[in-house]
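Structure first, commentary second.
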């Protein structure tokens, strides 16, 4: 009975660990995943601090006087 219980516990831990490892993204993706791109609008100008707001691309583009910025994960250079 102890072996069965120990086997069930070890199996559950391995299953949980395997699921956690499956959620780790590729450490060196070859292309930028557009689903992980954050779009923002930044007020045009040269001030050190400028207003920023998030942009929902399904609703359109930035308003006049705002610059669109794409904040995406960096793709490391190939070795």
Looking for something in a loop (DSSP other than H, G, I, E, B), under 16 Å from the mean Cα position of the chain (by Cα) and either at pLDDT below 90 or surrounded by fewer than 10 Cβ atoms within 10 Å (Cβ to Cβ) (or both) - is there at least one such residue anywhere in region 35-43? yes
For residue 67, all conditions in the list (1) at pLDDT 90 or above; (2) surrounded by fewer than 11 Cβ atoms within 10 Å (Cβ to Cβ); (3) more than 19 Å from the chain's Cα centre (by Cα) hold save one; what is the number of the exception? (2)
Kindly indicate whether residue 25 is surrounded by 12 or more Cβ atoms within 10 Å (Cβ to Cβ), modelled with pLDDT under 65 and either out of contact with any helix residue (DSSP H, G or I) (no Cβ under 6 Å at 6 or more places or on another chain) or assigned to a loop (DSSP other than H, G, I, E, B) (or both). no
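The values are calculated or read from the model by the stated rules, or taken from the named source; none is laboratory data. Nothing here was measured: the structure is a model prediction, and the numbers come from that model. Positions of Cβ are backbone-derived with ideal geometry, glycine not excepted, and every protein chain shown enters the neighbour counts.
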